[in-house]
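Undergrad: Before I ask anything, let me first share the structure, which is written out below as structure tokens.
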Amino acid sequence: MRIAVLNGPNLNLLGTREPAIYGHVTLAEIESLVRAEAKALGVEVEWLQSNHEVAFLEAIHALRGRVDGVVVNAAAWTHGNLAVRDALLGVGLPYVEVHLSNLFAREPERRVSVLADRAVGFICGLGPAGYGLAVRALVGRLRGP
Ligand code: DQA
């Protein structure tokens, strides 16, 4: 089994970006956490971070036939980018949505996700640990009961 973990804009700045909200853990450290979780579960991971919408969309298109499911933190695109939604739905891959911060404790605009209603599940507010939980939940869903 193979999964993709997709990270949207500005997540490359984790570690120094608004630490009161996102903490001090870097994206590279989150990638290590995800890879360790995936290894324990016996699955392969494709990891991507992009600040470029076109690259992000094309990466989603290219996942079809290569992975079985997706964990996605679309960052700010979560709150209104229908192209990212359409790409995920277009390739027909099940996805778990994850966010480091608790969106519901932030500005009203962040309480809206254009991805959440079609996600397998939604995790937010648990920091980096949420990524590991998302991987575990996705793989559990893909493997079935
Ligand atoms: C985020 C929350 C988004 O609102 C924000 O734009 C991000 C990160 C999170 O992981 O908490 O860039 O997706």
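Undergrad: How much length is gained on full extension from Arg35 to Phe104, taking 0.36 nm per residue of separation minus their Cα-Cα distance?
TA: Gain on stretching Arg35 to Phe104: 22.0 nm.
Undergrad: For Val98, what residues show an amide H to amide H distance below 5 Å, using hydrogens built from the backbone and excluding near sequence neighbours?
TA: Counting only residues 5 or more places away or on other chains, the set is Val72, Asn73, Ala74, Ile123.
Undergrad: Per-residue HN-Hα couplings for the range 76-81, Karplus 6.51 cos²θ - 1.76 cosθ + 1.60 at θ = phi - 60°, whole Hz, x for Gly and Pro?
TA: Per residue, the Karplus-derived 3J(HN,Hα) values read 5, 5, 3, 8, x, 8 Hz.
Undergrad: Please give the length that would be gained between Thr16 and Arg66 if that part of the chain were fully extended, namely 0.36 nm times their separation in residues minus their C-alpha to C-alpha distance (nm, one decimal).
TA: Difference between extended and current length: 14.7 nm.
Undergrad: Project the alpha carbons of the chain onto their principal axes and report the range along each, largest first, in whole Å.
TA: 37, 32, 28
Undergrad: Calculate how large, on average over all directions, the projected area of the Cα convex hull of the range 79-145 is; give the answer in nm² to one decimal.
TA: 4.7 nm²
Undergrad: Could you give the length gained on full extension between His52 and His24, defined as 0.36 nm per residue of separation minus the Cα-Cα distance, in nm?
TA: 7.7 nm
Undergrad: Quick check: Cα centre of the range 103-145 to Cα centre of the range 1-17, how many Å?
TA: After rounding, the separation between the Cα centres reads 14 Å.
Undergrad: Which stretch or stretches of the range 79-96 have amide N atoms under 19 Å from the point lying 7 Å from Glu44's Cα along the Cα→Cβ direction?
TA: Residues passing the 19 Å test: 93-94.
Just so you know, all these numbers are worked out from the coordinates, no wet-lab data involved. What you are looking at is a predicted structure, and each value in this text was computed from that prediction instead of being measured. Positions of Cβ are generated from backbone atoms using ideal geometry, with glycine treated the same way; all protein chains shown enter the neighbour counts.
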